[in-house]
Amino acid sequence: MEKTSVSRETFSSRFGVLMAMAGSAVGLGNLWRFPYMVSEYGGAMFVITYLVFMLVLCLPILFSEFIIGRRSQKNAFGAFRVLGKKKAWGLAGLISVITPFIILCYYSVVGGWSIYYLGKSFTFSSNLSQDYLSQMFGSLVTSVELPILLHGAFILLTAVIVMAGVKKGIEKFGKIMMPLLFIMVTALAIYSMHLNGAAEGYRFMFIPDLSLFSTKTCVAALGQAFFSLSLGCGTMLTYASYVSKDEDIVKSSVGIAFSDFIFAILSSMAILPAVFVFNMADAQGPGLVFEALPFIFSHMKFGGVIAVIFFVTLLVAALTSSISLFEVVIAYLVEEKKMKRGIACVITSIIIFVLGAFCSLSFGPLSELKIFGNTIFEAFDKLSANILLILGSLLTVIFVSWVMKKEDVIDEFTNQGRLKNHKKFFPFIWFIIRYLAPIIVFIIFISNFC
Ligand code: PHE
């Protein structure tokens, strides 16, 4: 293996690793997408399918990203190229650098909307009508300057944290913000418990109804699990490259997946009862967070305060995810292109700002511009979430189980043989990574094009 550079930063503590990685996982995917998916794809059946995929497929894929990242101690591109020996594997690495870049372009537009709603929530009056709120959302996203400016502000916030470095920026931010986030989401979930009629929401989420299960539930649950756990796009791999050789990969991965799941459940427990109580089951997608929730807040006791808490939560969750996406690109530019960290941050921010501006404009003046029938925003979203993330995960498991040496994989998985217990269940994990995961992920990848 190539010698690693001495100056490379690492996370300083186990708690820091967990918070940074859980911070990457917990984001808009949990607070906005998961509750909407639950309501769309079969309630408790979706939750159960999601949990099964998470345990059986996503955990082994997360182990794989850990193994590649920590073994190589390199950025996503460098990791595939160095461990893969052949130049062609650099291409897989390149996909892992390009995907987060594409995700960031539209993720930060939504991040910008969160900033707007956070500002607005300080002055929400009570009993706002649905029409008023949908107009508010419509006029924000279709206008030109404001959403672009807010998108720029979101990128700036992200870049400033990443510029501060791995320990002082990413780890510190995660350590402070993740526990805070947990408290805020829990508070919201408890608040929703007190709504009259919340039980209907819980019943839908927790009591399975077999008739609501279909193949669509499976595809949606797996896609959601990849997105939510930040798999297949070099983020976990890059963070893993900053993890010390003593860290237990299995423990950390289980901790990350567990926190991600808890956050998704808690945010559904906060949002779904309210949606049922106020009879807003039709609201979905971007509308759920930005139209329906403000409506609900404006009809609640202490709704103003709850709204502020919710949008701070949403913004912080989005930021801890966006910094992980940003770091993938920066690590690549610093290590492969020998750029200074500050310069890499500035250049990346500018390009994302410009491309993201097009995503933002695709709700307004550029709404007629279509790429294969999708607006620019939709095209960026679909290309990354439905195609590149799945492709990235597929390449990751193939790489670990068919390209890397098995002894190296075992060595990394068991911390050079020190974790004896891990050796015992390694054959089971190996079977999943080598056979089960590639087949299932491939089938889902292909189903995109059918
Ligand atoms: N996991 C993040 C979320 O749930 C999104 C994300 C995807 C972050 C891919 C990094 C990589 O919002």
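Coordinate-derived values only; no laboratory data. Owing to the predicted nature of the structure, the values given are computational and were not obtained by experimental measurement. Here Cβ is always computed from backbone atoms with ideal geometry, including for glycine, and neighbour counts include all displayed protein chains.
In percent, how large is the relative contact order of region 225-349, given Cα pairs closer than 8 Å and 6 or more residues apart? Could you put the intermediate results ahead of the total?
On the way: 40 pairs, mean separation 30.9, N = 125.
Once divided by the residue count of region 225-349, the mean separation gives 25 percent.
Please build a GNM for the chain, connecting alpha carbons under 10 Å apart, and tell me which residue among ASN30, ASN75, ASN386 fluctuates the most.
Residue with maximal mean-square fluctuation among ASN30, ASN75, ASN386: ASN386.
As a test of the formula, what do you get for the chain when each DSSP H run with n ≥ 4 contributes -39,500 (n - 2.57) and the sum is divided by the residue count, at 222 nm and rounded to the nearest 500 deg cm²/dmol?
Numbers: 21 runs with 306 residues, N = 450.
About -22000 deg cm²/dmol.
Note the angle between two axes, namely the Cα long axis of helix 14-25 and the longest principal axis of the Cα atoms of the chain, as a number of degrees from 0 to 90, rounded to the nearest 10.
Taking the Cα atoms of the chain, the angle to 14-25 is about 60 degrees.
Between the DSSP loop rule and a limit of at most 16 other Cβ atoms within 10 Å, which trypsin sites (Lys or Arg not before Pro) in region 182-275 are left?
LYS245
Please compute the contact order of the chain in relative form: average sequence separation of alpha-carbon pairs under 8 Å and at least six residues apart, divided by the residue count, as a percent.
It comes to 34 percent, rounded to a whole number.
Stick to Cα atoms and the Kirkwood definition of Rh, then tell me Rg/Rh for region 293-409.
Checking Rg against Rh, the ratio lands at 1.10.
Pairing the Cα long axis of helix 145-163 with the longest principal axis of the chain, what angle in degrees results, from 0 to 90 and rounded to the nearest 10?
40
Relative to the first principal axis of the alpha-carbon coordinates of the chain, what is the inclination of helix 130-142, with its axis defined by its Cα atoms, in degrees from 0 to 90 and to the nearest 10?
Result, in degrees: 50.
Along the Cα→Cβ direction, 7 angstrom out, place labels at ALA199 and LYS370. What is the inter-label distance in nm?
4.8
Where does the longest stretch of the chain lie that holds no chymotrypsin sites (Phe, Trp or Tyr not before Pro) found in a DSSP loop with 13 or fewer other Cβ atoms within 10 Å?
Counting at most 13 other Cβ atoms within 10 Å as exposed, the longest clean stretch of the chain is 123-301.
Can you tell me the FRET efficiency between VAL144 and LYS382 if r is taken as the Cβ-Cβ distance and R0 is 25 Å, rounded to the nearest 0.05? Provide the component values of the computation, followed by the final result.
Details: r = 24 Å, r/R0 = 0.96.
FRET efficiency, VAL144 to LYS382: 0.55.
With the chain treated as a Gaussian network of Cα nodes joined by springs under 10 Å, which of LEU128, LEU188, LEU314 yields the largest mean-square fluctuation?
Maximum among the listed residues: LEU128.
Run the reach check for LYS175 against lysines, Cα to Cα strictly under 19 Å, same-chain hits fewer than 8 apart removed. What comes back?
Here the lysines satisfying the reach criterion relative to LYS175 are LYS167, LYS251.
Which of GLY303, GLY392, GLY373 moves the most in a Gaussian network model of the chain with Cα springs under 10 Å?
In the Gaussian network model the winner is GLY373.
At 20 °C and 1.002 mPa s, what whole-number value in µm²/s does Stokes-Einstein give for the translational diffusion of region 197-263, with Rh from the Kirkwood sum over Cα pairs?
Working: Rh = 14.8 Å.
Diffusion coefficient, whole number: 145 µm²/s.
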